[in-house]
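Working notes for the structure below.
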Amino acid sequence: MIAEYNYITGLVEVLDVKSTIDIALKLHPEIRKIVVTIDGTQTGLAQRKLVHAVAEQEEYKDVEFVYLFMRRQRDFIRKSNTD
């Protein structure tokens, strides 16, 4: 497929969502809400599914997960400055 093309590189992103949430809760056990920012890219939507799958686990039943959909990075910056 791409073997005949030169100078093509790629990157695989692997997120450890559960460990990230666990360390956040260990460092800040008072946390009751986690805000997840995503964008409309395929990567962003796939990452939302990963977070949602972890958030549905019984051990996180006392934590509210809020998903903020941001179309552009500047939307996130603007939203964070107003909250």
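The values are calculated or read from the model by the stated rules, or taken from the named source; none is laboratory data. Please read these numbers as outputs of a predicted model, since none were measured by experiment. Methodologically, a virtual Cβ is constructed for each residue, glycine included, from the backbone with ideal geometry; neighbour enumeration extends over all protein chains shown.
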TODO: Kindly list, by first and then second residue, each pair from a residue in the range 15-35 that is within 20 Å of L68 (Cα to Cα) and at pLDDT below 95 to a residue that is assigned to a helix (DSSP H, G or I) and of a type outside the set (A, V, I, L, M, F, W, C), limited to pairs with Cβ atoms under 8 Å and residues at least 6 apart or on different chains.
DONE: L15/Q47
Open item on the list: Test of understanding: among G40, G44, which residue is modelled with pLDDT under 95, assigned to a loop (DSSP other than H, G, I, E, B) and surrounded by 10 or more Cβ atoms within 10 Å (Cβ to Cβ)?
Closed with: G40
Open item on the list: Looking at the range 1-37 only, could you name the residues that are in contact with a Leu (Cβ under 6 Å, 6 or more places away or on another chain) and part of a helix (DSSP H, G or I)?
Closed with: V17
Open item on the list: Criterion first (assigned to a helix (DSSP H, G or I), at pLDDT below 85, surrounded by 10 or more Cβ atoms within 10 Å (Cβ to Cβ) and not aromatic (F, W, Y)) does D75 satisfy it?
Closed with: yes
TODO: Please tell me if V54 is modelled with pLDDT under 95, within 22 Å of V14 (Cβ to Cβ) and outside any loop (DSSP other than H, G, I, E, B).
DONE: no
TODO: Scan the range 21-72 for residues that are polar (S, T, N, Q) and over 10 Å from the mean Cα position of the chain (by Cα) and jot them down.
DONE: T41, Q42, Q57
